[in-house]
Amino acid sequence: MYGSDESDAGTTTATAPVPAPAPAPAPAPAPNGSKAVTLLLRLSTLALALASAIVMATARECTINGLHGATAIVNFKKYPPLFVYLVSVNITATILEVAAVYLQFGKGDDSEEAPMLPGSVLVVVDVAIQMLLYSATGAVIAAAATYCAHINACAGAGGHFCQQVDRSKFISFAASLSASLGAIAKDVSLPFSVWPKSSG
């Protein structure tokens, strides 16, 4: 009797193995459409700001006839400080935009090697770029309204200087809009991808 009891106890203590839980599926990579649009707008801002500065700096094809046959070649430096301000400010905005592109895309902001900088640095750079570009655009609008009537007295290629100023003004305004849209796009999630998504 005792032997049968011991064998019964041995059979009741045996348990079936518990199957291991299935591994959880890896999360799907987030869409990168926002990054692509932001990069496009940042590069557009960089190119437009630089183009505006170059157009203004090369606006020197206006000859003014003075008294006794005197002539003067007009360039943007003849009307300080507003035209000079646009050139210097747009070059500064170009440099800041290069820094913004590096801060956001330089090492991949989703990787472990991303620059250890607070996100507020990029926000400050974006705000500074917009302030510079809008102030430069406003300054050249005021300067064009003030000086163009006088410059239109140019001989030969009359008004060419004013045309260059107008081109620079509109390009600078386009750069301002592009900078604003780029700052907004980086915080908006767009439901599409442009380049292949990383598997993470």
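So in segment 166-175, with the set limited to residues that are in contact (Cβ under 8 Å) with a residue 12 or more places away in the chain and surrounded by fewer than 24 Cβ atoms within 10 Å (Cβ to Cβ), which one is farthest from the chain's Cα centre (by Cα)? Quick ask: steps written out before the conclusion?
The initial filter retains those residues of segment 166-175 that are in contact (Cβ under 8 Å) with a residue 12 or more places away in the chain, namely 166-169, 171-175.
Of the ones still in play, those that are also surrounded by fewer than 24 Cβ atoms within 10 Å (Cβ to Cβ) are 166-167, 169, 171, 173-174.
Working: ASP166: 24, ARG167: 21, LYS169: 19, ILE171: 15, PHE173: 14, ALA174: 13 Å.
Out of the qualifying residues, it is ASP166.
Quick check on ALA139: is it more than 15 Å from VAL37 (Cα to Cα), in a helix (DSSP H, G or I) and modelled with pLDDT under 90? Walk me through how you get there before you give the answer.
Numbers: more than 15 Å from VAL37 (Cα to Cα): yes; in a helix (DSSP H, G or I): yes; modelled with pLDDT under 90: yes.
Taking the combined requirement at face value, the residue satisfies it.
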**Asked** How many of the residues in segment 20-54 are surrounded by 16 or more Cβ atoms within 10 Å (Cβ to Cβ) and modelled with pLDDT under 90?
**Response** 8
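The values are calculated or read from the model by the stated rules, or taken from the named source; none is laboratory data. Remember, it's a predicted structure, so these values are computed and weren't measured experimentally. In this analysis, Cβ positions are derived from the backbone assuming ideal geometry, glycine residues included, and neighbour counts consider all displayed protein chains.
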